[in-house]
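Okay, structure first, notes after.
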């Protein structure tokens, strides 16, 4: 199994600012993902973080708003740019191994409140 | 487009009762199905993973089944306890547009009353 940590665990930010969330996995993984969970909702995939190349974004999410880095096989960052109150959510980092049969693991999440 | 539906949205039971949570998905071409637990304000804990070739998986008081052809999975919880109170999420892993994705249902919020 993989243990995933995220920093910060929570933050309160002013609109118009940006926040970068860090995700660290305790072992090398092939795939890393970023999800958003809005209040009372389920998880929505934002993007797949690709090591050494640009992230793959889902419909409705764009790189200018959610730039993602993945410099190696254990670390990724998600930046929420030019924030508005609608960005208030829990952001979760996730990772899985080299096979489609592998389990997917999740970090504890970052609770973001934009005022 | 893959859609995952969970029924019921909420369930309240007395302690000790056996219960079943339901999950359905629209596209049967999945790699696997995973059940998670989420406690309020927390991340997700993986409970069970069922590969597409498997029919069921068991862990302690939990048993998950998969009928891929009909697009259904169930999570059976035996002898429920107050500590089982949480939101249970079902997710399916499949390929779309050349990339693998995990798509979630909206969850079932379970309350076990002492």
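Of everything in the stretch A:31-41, what is part of a loop (DSSP other than H, G, I, E, B) and either more than 10 Å from chain B (Cβ to nearest Cβ) or within 11 Å of the chain's Cα centre (by Cα) (or both)? Give them in sequence order.
A:38, A:39
Inspect all residues belonging to the stretch A:12-32 and state whether any of them is surrounded by 13 or more Cβ atoms within 10 Å (Cβ to Cβ) and in contact with a helix residue (DSSP H, G or I) (Cβ under 7 Å, 6 or more places away or on another chain).
no
Would you check if there is a residue in the stretch B:37-48 being touching a residue at least 60 places away in the same chain (Cβ under 8 Å), under 28 Å from residue A:10 (Cα atoms), within 11 Å of chain A (Cβ to nearest Cβ) and buried (at least 17 other Cβ atoms within 10 Å of the Cβ)?
Scanning the stretch B:37-48 turns up at least one residue that is touching a residue at least 60 places away in the same chain (Cβ under 8 Å), under 28 Å from residue A:10 (Cα atoms), within 11 Å of chain A (Cβ to nearest Cβ) and buried (at least 17 other Cβ atoms within 10 Å of the Cβ).
I need the full set of residues from the stretch B:49-76 which are touching a residue at least 24 places away in the same chain (Cβ under 8 Å), surrounded by 13 or more Cβ atoms within 10 Å (Cβ to Cβ) and over 11 Å from the mean Cα position of the chain (by Cα), in order please.
B:68, B:71
When you scan the stretch A:85-99, do you find a residue that is within 14 Å of chain B (Cβ to nearest Cβ), without any contact (Cβ under 8 Å) to a residue 24 or more places away in the chain and not in a strand (DSSP E or B), even just one?
Yes; the residues of the stretch A:85-99 include at least one that is within 14 Å of chain B (Cβ to nearest Cβ), without any contact (Cβ under 8 Å) to a residue 24 or more places away in the chain and not in a strand (DSSP E or B).
Considering only residues of the stretch A:42-71 that are in a loop (DSSP other than H, G, I, E, B) and in contact (Cβ under 8 Å) with a residue 24 or more places away in the chain, which is farthest from the chain's Cα centre (by Cα)? Spell out the reasoning first.
Taking the stretch A:42-71 as the starting set, the residues that turn out to be in a loop (DSSP other than H, G, I, E, B) are A:42, A:50-55, A:58-67, A:70-71.
Cutting the leftovers down to in contact (Cβ under 8 Å) with a residue 24 or more places away in the chain gives us A:66, A:70.
Details: A:66: 9, A:70: 11 Å.
Selected residue: A:70.
Quick grid of which residues meet (1) touching a strand residue (DSSP E or B) at 6+ places or on another chain (Cβ under 6 Å); (2) part of a loop (DSSP other than H, G, I, E, B):
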site: B:50; (1), (2): yes, no
site: B:57; (1), (2): yes, no
site: B:70; (1), (2): no, yes
site: B:79; (1), (2): no, yes
site: B:87; (1), (2): yes, no
site: B:90; (1), (2): yes, no
site: B:95; (1), (2): no, no
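For the stretch B:60-86, how many residues meet the condition of being farther than 13 Å from residue B:23 by Cβ and either modelled with pLDDT of 95 or more or touching a helix residue (DSSP H, G or I) at 6+ places or on another chain (Cβ under 7 Å) (or both)?
14
Go through the stretch B:11-36 and give me each residue that's within 19 Å of residue B:53 (Cβ to Cβ), surrounded by fewer than 16 Cβ atoms within 10 Å (Cβ to Cβ) and touching a strand residue (DSSP E or B) at 6+ places or on another chain (Cβ under 8 Å).
Result: B:27, B:29.
The values are calculated or read from the model by the stated rules, or taken from the named source; none is laboratory data. In this text, all values refer to a predicted model and were calculated from it rather than measured experimentally. We place every Cβ from the backbone using ideal geometry, glycine too, and count neighbours over all the protein chains shown.
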